[in-house]
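The values are calculated or read from the model by the stated rules, or taken from the named source; none is laboratory data. Owing to the predicted nature of the structure, the values given are computational and were not obtained by experimental measurement. All Cβ positions, even for glycine, are placed from backbone atoms using ideal geometry, and neighbour counts span all protein chains on display. What goes into the accessible areas is simple: the full protein's heavy atoms, side chains included, and nothing from ligands, DNA or RNA. Shrake-Rupley method; radii C 1.70, N 1.55, O 1.52, S 1.80 Å.
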Amino acid sequence: MKKKLYYVIPFVAVPLLLLLCELLNNAKLLQMSPYILGTLLLLFSLAMGFFSTTHRTFDYLLTAIMPISLFCCMFIAGFLDKSDLETRFHLYKAVNAAFQPIALQLYFLMAIATFLASFKSFKNIKGRISKR
């Protein structure tokens with residue numbers, strides 16, 4: 001059960017992280033840019049990969065789930081976006097939002113970061129530190 005719950009976390013945490021960034025930007029506490037947002041998403045991907053629960057050399061499932069969670073969030077945000085005429089639910093807007101060039105780069109970078117951070121040798125460092 002723990003492993004299944006761990007693989008659901010990105011689908012909840014990525015939208016919450018994006019919402020938190022939006023709230024910080026609206027409150028004028030931190031001016032958001034694509035670089036800051038990308039850095040936060042990559043750091044989250046690294047953390048998820050590092051604390052992966054698998055005993056294999058790499059966590060291939062989490063490597064696929066991390067970019068998919070961002071894709072789903074971007075697709076839903078584009079799908080629910082209002083236009084000037086207050087209309088919603090346009091599929092072309094959802095596709096445009098999910099396939100932006102910077103989003104495509106983030107999908108690729110999140111997959112690489114998660115893949116490398118889930119390497120078994122890196123995770124063994126965590127076990128050695130906790131034994132001390």
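Structural remarks
- For K4 and L29, a Förster radius of 41 Å and the Cβ-Cβ distance give a FRET efficiency of 0.70, rounded to the nearest 0.05.
- Rounded to 10°, Cα long-axis angle of helix 9-26 versus longest principal axis of the chain: 50 degrees
- Think of it as helices only: each DSSP H run of n ≥ 4 in the chain is worth -39500 (n - 2.57), and spread over all residues that comes to -23500 deg cm²/dmol at 222 nm.
- Degrees, to the nearest 10: 120-131 long Cα axis against longest axis of the chain: 70 degrees
- Counting lysine pairs in the chain that sit 8 or more residues apart in sequence, or on different chains, and whose Cα atoms lie under 29 Å apart gives 17.
- Placing +1 on the Cβ of every Lys and Arg and -1 on the Cβ of every Asp and Glu, with no other charges, gives the chain a dipole of roughly 980 debye about its Cα centre.
- Degrees separating the helix 60-79 axis from the principal Cα axis of the chain, which is the longest one: 10 degrees
- The accessible-area ordering, largest first, of the residues F99, F115 stands as F99, F115, per a 1.4 angstrom probe.
- Considering the chain, its Cα convex hull presents a mean projected area of 10.1 nm².
- The equivalent ellipsoid of the stretch 1-56 has semi-axes of 27, 12, 6 Å, largest first, where each one is the square root of 5 times an eigenvalue of the Cα gyration tensor.
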